[in-house]
Every structure is written in structure tokens, then in C-alpha cells.
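One structure is given below, encoded as C-alpha cells.
The values are calculated or read from the model by the stated rules, or taken from the named source; none is laboratory data. Note that this is a predicted model, so its numbers are computed, not measured. As a convention, Cβ positions derive from the backbone with ideal geometry for all residues, glycine included, and neighbour counts pool all protein chains shown. Only protein heavy atoms, including side chains, enter the accessible area calculation; ligands, DNA and RNA are left aside. Shrake-Rupley method; radii C 1.70, N 1.55, O 1.52, S 1.80 Å.
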Amino acid sequence: MEQHFVETREYARDWHAGVAMAMLLGYFVLMGLLVGGQGVLWAEILLALSMSKGTFGTAQIVPSLMSVALLLIGGLLSAWAGKKRLALVAMVLLLGANLGLAAAGELWGFVGALALSGAGMALLDLSANGATLDWEHATGRPIMNVMHAGFSGGAMIGAALAGVLLRFGWSYSVVLSLLAVACGLFALFSLPVRYPPADADDAHENNLSSTVRLVFSRRVLLVLALLCLMSIVGESVASLWAVIYIRDELQAGAFIAGLAFAAFNGAMLLGRLLNATIVARYNNRVSLLISSVAMVLAGLLLVPPFVWAAVAAFAMLGLAVAGVIPTSISAAARRSPGNSGAVAGGIMAFSYVGFVIVP
């Protein structure tokens with residue numbers, strides 16, 4: 001324990017801490033680019049594969065189940081392989097997933113690519129969140145909301161860029177190939193980066209049963225997990241269905257649909273930056289209370305079936321769900337010190353059930 005304390009204090013004063021923070025922020029941006037870009041491309045893929053919305057929704061259960069299964073053993077994986085190795089494996093899987101989506105010509109190829117994507121996103125999510133908790137512990141600086149703001153910024157850029165490229169005649173396969181290249185570049189950039197020291201107890205009893213027991217053993221952790229689940233439901237609705245809804249049901253073009261999704265992610269970016277200030281000035285409880293009330297209001301705003309009302313509603317939804325997950329993960333870690341892998345894996349696994357429910 002004393003040696004770990006010395007390591008964390010030395011790391012906090014080392015220039016490696018700044019490099020690691022930039023790399024971890026890059027992971028969140030990459031995940032956002034993938035979610036944002038794919039969110040705009042789903043409608044094109046549906047058309048190209050002549051796939052019904054029912055089939056599409058059912059297929060989306062596959063990556064969600066893959067993610068939940070891996071996150072439930074997140075603590076064990078983090079202790080066994082280390083968070084850096086998990087990130088490298090994740091980016092290789094995501095590279096293959098995007099190339100698979102680009103090449104898919106029928107349903108089973110599409111489902112296989114989704115399975116790779118679910119595994120890759122879960123491992124990268126686990127690594128990025130767990131390493132960020134380690135970084136916060138080593139430096140004493142709360143940065144989780146800023147990191148998740150990077151995800152929202154990446155999603156906003158990915159959605160806007162995909163919409164523009166489609167408008168200028170680029171095929172969805174080419175856009176997906178560009179996303180695959182981004183995954184490969186991030187993997188290369190990660191190789192020399194020194195991660196923050198893992199929590200001292202992170203390797204102890206981080207198996208499936210201990211992860212589940214961790215979440216369910218304390219009421220506060222279970223409440224935080226439920227709030228994350230609510231937030232994921234909102235994010236999943238926007239990520240999977242916003243563009244399809246606006247294009248198919250409201251008869252708007254690809255650019256307007258992409259704008260709506262970009263507005264959702266832009267509002268999440270703003271919300272997370274504002275939430276970082278709220279957490280620093282007040283506390284996690286105030287932040288989560290504001291977010292919960294805002295989620296209810298956002299749901300009411302989604303009712304009017306008009307194009308610009310829908311764009312505004314998705315922006316409001318992004319603002320509402322923005323701070324829930326980063327604030328909940330940090331709050332959970334403070335109530336279970338020394339278990340960054342299990343906390344990140346357990347809370348995110350519980351949350352990812354939302355990606356199973358929504359499709």
C-alpha cells in the first residue's frame with residue numbers, strides 16, 4: 001500500500017500524467033467519433049441491405065449483450081491484462097468492426113460486425129473509465145466530466161462530418177473505412193503512453209460475482225447504477241433512432257437528420273462541461289438531481305412530430321443526460337476506493353442493459 005502511494009504521488013508530478021490524460025481524452029473522443037458517425041450512417045446501411053427497422057432493432061441487441069458480458073468481468077480483465085492492453089485490443093476490434101460494416105452485404109455479416117463493435121466499445125469504455133479513475137486517484141483532480149465531454153465532442157464531429165460527406169456523395173462504406181483508420185492510428189499513438197498506476201486493490205477478487213456483489217451490496221451504488229441506466233436509455237434512443245426517425249417519419253434529408261444528431265451530442269458536450277463546474281462548486285448529489293429533472297422535461301419535449309421541434313428536443317435530451325454517467329462513476333469510485341476496474345465495469349454493465357432494452 002505504501003509503495004502504491006509513493007508511485008501515485010510520483011506519477012502525479014511526472015509529465016507522463018499529462019500525456020496519459022491527453023491519450024485517455026483521445027479514447028473518449030474516438031468512441032464519440034464512432035458512435036456519431038455510425039449514428040448518421042445507420043439509415044444508409046438499412047437502405048443498402050434492404051433491412052427492416054424491426055430486424056435492425058433486433059440486431060442491435062447483439063453488441064449490447066457482448067458489452068454487458070465483458071463489462072461484468074471488467075474488474076477481472078483489468079487486473080489480468082491491464083487497462084492499456086485492453087485499450088489496444090479494443091481498438092483492433094473496432095477497426096475490424098468498421099471494416100466489417102463497410103463490407104457487409106447481408107444480415108449475418110452485419111450482425112458479426114456489430115458483435116465485434118460491441119466487444120471493442122465495451123473494452124475501450126472499461127479501459128478509459130477505469131484508467132481515468134486511477135488518474136483521478138493519483139492526481140487528486142476530478143476530470144471524469146471533462147473526459148466524457150470529449151466523447152460528446154467526438155460524437156458531434158463524427159455526426160456532422162458523416163452528414164456532410166454523405167451530402168457530397170461519399171458512400172457509407174468509405175466513411176466507415178475512415179473510422180477504421182482512426183482506430184488504427186489511436187492504437188499506434190497509445191503504444192508509448194504510460195498509464196496511471198492501478199488502484200492498490202484493483203487485482204483482488206475482481207471476478208463476476210464480486211463485481212455484481214459490489215453494485216448490489218450498497219444502496220447508493222445501486223441507485224447510481226439505475227441513474228446510469230436511465231441515461232443510457234436516452235443516449236440509445238438518440239444514437240440508434242434519431243436519424244432514422246427524422247429521415248423516415250418526418251421526411252427530412254440526411255443533412256437535417258445529421259444536424260439533429262450533432263445537436264444532441266453538442267448539447268451533451270456543453271452539458272458535461274457545465275456539469276464539471278456544478279460538481280466542483282456544489283456536489284454530485286446536486287448534479288444528479290438537476291440531470292434527473294432535465295431528463296423528464298426532455299422526454300416531454302420529444303412529443304411534437306415536427307422536424308425542428310425534433311431537432312430541439314434531441315438537443316434538450318443531450319443536455320439532460322450529459323452529466324449522469326461521468327458523475328455517477330466518480331461518485332461510485334469514491335464510495336468503493338481501490339476497485340476502479342470493478343466499479344467502472346459494474347456500473348457500465350448495469351447501464352449497458354439500456355442498450356439491450358431500447359432496441
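Annotations
- Here is how the number arises for the chain: DSSP H runs of 4 or more residues each give -39500 (n - 2.57), the sum is divided by the residue count, and the result at 222 nm is -28000 deg cm²/dmol.
- Once the Cα atoms are used to define both axes, helix 61-72 deviates from the longest principal axis of the chain by about 0 degrees.
- Gained length - L65 relative to V19, 0.36 nm times residue gap less alpha-carbon distance: 13.2 nm
- Where the Cα pairs of the chain fall when distances are cut into 10 Å bins, in %: 6, 26, 36, 23, 8, 1, 0
- A simple spin-label model places pseudo-atoms 7 Å from Cα toward Cβ; at V223 and V296 they are separated by 1.6 nm.
- In percent, rounded to a whole number, the relative contact order of the chain is 29, using alpha-carbon pairs under 8 Å and six or more apart.
- Note that segment 234-251 has calculated 3J(HN,Hα) couplings of x, 5, 5, 4, 5, 5, 8, 10, 4, 5, 5, 4, 5, 7, 8, 8, 9, 6 Hz, one per residue in order, obtained from phi through the Karplus relation 6.51 cos²θ - 1.76 cosθ + 1.60 (θ = phi - 60°); glycine and proline are x.
- Couplings for segment 154-165, taken from phi via the Karplus curve 6.51 cos²θ - 1.76 cosθ + 1.60 with θ = phi - 60°, read x, 5, 5, 5, x, 5, 5, 5, 4, x, 5, 5 Hz in order; Gly and Pro are left as x.
- With Cα atoms, 0 to 90° folded angle of helix 208-217 axis to the chain main axis: 90 degrees
- Label point distance in nm, E249-R285, each placed 7 Å from Cα along Cα→Cβ: 3.8 nm
- Using the Cβ-Cβ distance between R167 and R85 with R0 set to 30 Å, the FRET efficiency works out to roughly 0.15.
- Compared with the dominant Cα axis of the chain, that is its longest principal axis, helix 307-321 is turned about 10°.
- Here K83 sits with roughly 20 square angstrom of accessible surface, probe radius 1.4 Å.
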